[in-house]
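The values are calculated or read from the model by the stated rules, or taken from the named source; none is laboratory data. Computed from a prediction, not measured in an experiment: that's the story for all the values here. In this analysis, Cβ positions are derived from the backbone assuming ideal geometry, glycine residues included, and neighbour counts consider all displayed protein chains.
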Ligand code: HT7
Ligand code: ZN
């Protein structure tokens with residue numbers, strides 16, 4: 001497979017002003033006819049360049065014509081992925097008739113079947129699996145789509161834009177014509193056809209325009225779309241107020257499908273969603289999933305401007321739309337709920353998963369310089385670190401100038417396909433802030449490490465911070481340079497009071513420092529007592545901080561910092577420090593023991609009635625197995641698991657009474673609601689329960705069963721089940737069985753059950769997972785089920801990291817099978833195998849052996865790229 005480089009970008013030799021598509025849908029073959037109104041691109045220069053259209057192996061050519069002239073075979077050339085026509089006029093209509101077989105499309109790219117419906121997924125390069133095209137984002141065209149189908153099977157036939165015509169063909173089939181007035185790249189094309197039910201609503205925009213809102217699902221799911229509809233309206237309003245962005249078509253449609261490779265897709269006017277990211281009801285959906293539905297509905301809606309109206313010039317610029325849109329959806333969720341809780345959740349995810357990616361063999365800059373398969377670059381780096389870059393620009397400019405920058409960006413580039421540099425230029429031009437150095441964040445991979453030391457001179461009242469930055473080299477780049485890093489910070493006195501100090505002549509309790517050099521000294525004056533620095537407040541940059549905090553310092557920050565994020569972060573750091581001691585004891589096979597300071601901090605925390613229960617729950621959550629693995633120089637999975645288990649029990653025993661009390665205090669009676677206040681109580685109650693169960697309390701063991709049996713919502717029922725499973729409750733097996741019995745007809749609950757079952761730690765974990773793959777509920781063609789079972793297994797220490805290597809061999813077997821069925825899913829399942837170099841040597845070598853075995857297979861580009869980079 002060949003590598004594609006950003007440096008080789010050229011404007012397209014041809015343009016497509018209009019695209020007219022006709023789909024004649026059928027159960028076995030679908031006929032696609034395209035009429036492309038083309039012309040040579042004057043910007044390209046050469047006027048003799050052949051026309052090279054992208055194609056998939058699965059597209060069969062039936063007829064090809066330029067204007068009225070049917071091209072004979074000798075006038076074009078067809079290869080596996082291209083159609084080349086060597087001579088064309090300057091302006092012409094290319095007509096092309098192709099056959100495709102959506103029912104055999106297991107890749108779930110292009111047009112495919114999901115249950116009884118037809119649907120599409122065209123990002124990034126799916127459109128070429130439908131017909132021959134210039135399938136690149138800088139070719140923007142006005143689409144008109146005619147769908148022909150049997151009305152009894154496909155009463156609903158949808159595409160982008162507005163419906164402009166409907167009628168009957170001579171053969172008695174129904175046809176519907178859709179027209180999208182906004183030029184768009186092919187990746188935003190969508191088609192849906194099926195026997196669907198609809199929920200209707202209306203949104204009145206800020207300029208008083210009525211927009212028809214429609215959510216389509218199969219009939220048995222129509223009762224689960226109300227929450228998404230409300231979330232959509234909240235998103236539309238928020239984008240008007242926060243960014244001045246109004247919706248532009250007369251209709252906005254969303255469709256839920258069961259088989260989908262990712263979460264959702266922002267096709268113009270016709271978003272398609274994985275049903276797990278759209279459907280919600282109190283009995284079947286947990287609080288986390290409610291919040292996810294809201295965030296994803298918002299994310300896809302926000303793409304209407306950040307992605308659709310202004311799109312990417314090429315796929316190296318993916319973060320232009322994804323990083324910015326993640327930043328926008330994170331800000332939206334923060335505004336809808338709690339800003340601090342949202343920030344903690346997002347950072348916790350970033351530090352665990354993105355940092356690991358950025359230190360592994362697939363590390364790449366937010367704007368990658370090369371790729372083999374673009375689908376592999378829908379990564380946490382492009383999305384989450386990309387969002388952090390936008391957030392840092394927000395911090396550097398301030399809210400007002402940032403908004404001026406985004407207004408300018410949308411105004412300047414409306415209807416264009418642009419680059420990350422264009423985004424930054426708009427921010428600079430609107431604010432007057434020079435971001436030249438800052439832009440290095442887009443091109444340099446790896447997580448910067450910031451070492452901080454300090455000195456205090458009581459006599460002069462001067463406090464100095466010395467900061468040194470270094471970004472470790474990554475797989476993608478051997479040399480790294482200093483970045484422009486915003487450091488939001490404050491100082492606390494020994495009583496936890498904020499210190500007002502002078503920096504650069506300005507007196508303030510909070511400062512934003514600009515760390516730009518490899519090493520810099522920052523001097524504060526007017527400081528009367530040795531302070532404790534609160535650094536990188538709100539996680540003002542995606543970095544790793546090294547400052548030698550004592551346990552007392554961390555306890556002080558945890559109880560008193562005015563920055564909620566840093567209160568949480570201090571507790572995490574203290575927990576990491578203590579867990580590291582325990583992990584090292586476990587590695588050395590010593591008895592585990594610790595005089596924990598964190599327990600003291602937790603005790604104070606649990607007695608403080610003023611705090612937001614959601615924050616208390618987050619502070620109580622111990623650093624995860626995955627985060628501790630990311631932090632470790634060498635990963636010893638069993639030692640980490642043992643240390644975490646020991647520490648949780650120790651805390652539980654010390655604070656047993658508090659956890660029992662918390663459980664009672666935060667138990668809600670009455671009807672379920674996914675509002676922030678109630679979610680907060682449930683999260684603390686269920687966190688308390690998970691600790692309480694680690695004690696010998698009979699009452700706790702009874703309580704978990706009662707909650708499981710009598711909960712009126714999925715959050716409480718599933719929390720009880722998970723806690724029972726993870727604490728190895730004697731009734732865990734029965735509870736798992738009865739849960740499946742109760743919910744076997746709800747696929748979205750079944751995927752939760754599959755995930756928990758695959759994740760259950762046990763000596764025979766592997767044979768249980770093999771059993772799950774034989775279970776009636778499992779389906780290898782459904783990405784949600786594959787993700788649940790194999791994703792859940794990848795987090796199972798005793799099964800996946802079994803010392804005989806059988807867990808790695810099993811996952812490799814599944815990747816080899818899925819490589820043929822669905823390359824995108826196969827490639828994503830490789831992630832746990834990418835950590836082999838960091839694993840304890842005996843395990844790492846076994847994992848490497850499986851990677852070598854996979855590489856010998858006939859691999860898709862997707863899997864080849866990941867595995868070959870892992871072994872490089
Ligand atoms: N922009 C969408 C990306 C997406 C995707 C990419 C590759 C393969 C399948 C896909 N489904 C959706 C989703 C988003 O970020 O909004
Ligand atoms: Zn997106």
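Below is a table of values for the structure above.
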| item | result |
| --- | --- |
| Answer residue from the stretch 104-127, given it is at pLDDT 95 or above and out of contact with any helix residue (DSSP H, G or I) (no Cβ under 8 Å at 6 or more places or on another chain) and is surrounded by the fewest Cβ atoms within 10 Å (Cβ to Cβ) among those | 104 |
| Matching helices (runs of 4 or more DSSP H) fully within the stretch 293-377 where at least 1 residues are within 18 Å of residue 185 (Cβ to Cβ) and away from ligand 1 (no atom under 11 Å from the Cβ) | 318-336 |
| Residues that are within 20 Å of residue 288 (Cβ to Cβ) and either in contact (Cβ under 8 Å) with a residue 24 or more places away in the chain or within 21 Å of the chain's Cα centre (by Cα) (or both), drawn from the stretch 230-244 | 231, 232, 234, 235 |
| Matching residues in the stretch 739-748 - criterion: being in a helix (DSSP H, G or I) and touching a residue at least 60 places away in the same chain (Cβ under 8 Å) | 743, 747, 748 |
| Meets criteria (within 16 Å of ligand 2 (Cβ to nearest atom), under 24 Å from residue 270 (Cα atoms) and assigned by TED's automatic domain parsing to the domain that holds residue 54) for residue 123 | yes |
| Subset of the stretch 182-201 [under 14 Å from residue 270 (Cα atoms) and touching a residue at least 60 places away in the same chain (Cβ under 8 Å)] | 182, 184, 186, 187, 188, 189, 190, 191, 192, 193 |
| Residues of the stretch 705-731 that turn out to be free of Cβ contacts under 8 Å to residues at least 24 places away in the same chain and surrounded by 22 or more Cβ atoms within 10 Å (Cβ to Cβ), as a count | 1 |
| Residue, nearest to the chain's Cα centre (by Cα), within the stretch 263-275, restricted to residues that are part of a loop (DSSP other than H, G, I, E, B) and more than 30 Å from residue 740 (Cβ to Cβ) | 266 |
| Residue list for the stretch 156-187, restricted to those being assigned to a loop (DSSP other than H, G, I, E, B) and touching a strand residue (DSSP E or B) at 6+ places or on another chain (Cβ under 8 Å) | 160, 161, 169, 173, 185 |
| Subset of the stretch 141-155 [in a loop (DSSP other than H, G, I, E, B) and either in contact with a helix residue (DSSP H, G or I) (Cβ under 9 Å, 6 or more places away or on another chain) or not assigned by TED's automatic domain parsing to the domain that holds residue 32 (or both)] | none |
| Residues that are within 14 Å of ligand 1 (Cβ to nearest atom) and either in a helix (DSSP H, G or I) or surrounded by fewer than 24 Cβ atoms within 10 Å (Cβ to Cβ) (or both), drawn from the stretch 276-287 | 276, 277 |
| Options 565, 524: the member that is in contact with a helix residue (DSSP H, G or I) (Cβ under 8 Å, 6 or more places away or on another chain), within 30 Å of residue 436 (Cα to Cα) and crowded, with 19+ Cβ neighbours inside 10 Å | 565 |
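The rows are residues; the columns are (1) within 17 Å of residue 675 (Cα to Cα); (2) surrounded by 24 or more Cβ atoms within 10 Å (Cβ to Cβ); (3) within 12 Å of ligand 2 (Cβ to nearest atom).
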site	(1), (2), (3)
247	no, no, no
251	no, no, no
274	no, no, no
308	no, no, yes
315	no, no, no
326	no, yes, yes
336	yes, no, no
339	yes, no, no
343	no, no, no
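Conditions tested, residue by residue: (1) assigned to a helix (DSSP H, G or I); (2) surrounded by fewer than 23 Cβ atoms within 10 Å (Cβ to Cβ); (3) not assigned by TED's automatic domain parsing to the domain that holds residue 824.
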{"position": "750", "(1), (2), (3)": "yes, yes, no"}
{"position": "755", "(1), (2), (3)": "yes, yes, no"}
{"position": "758", "(1), (2), (3)": "yes, no, no"}
{"position": "768", "(1), (2), (3)": "yes, yes, no"}
{"position": "773", "(1), (2), (3)": "yes, yes, no"}
{"position": "776", "(1), (2), (3)": "no, yes, no"}
{"position": "779", "(1), (2), (3)": "no, yes, no"}
{"position": "785", "(1), (2), (3)": "yes, no, no"}
{"position": "790", "(1), (2), (3)": "yes, no, no"}
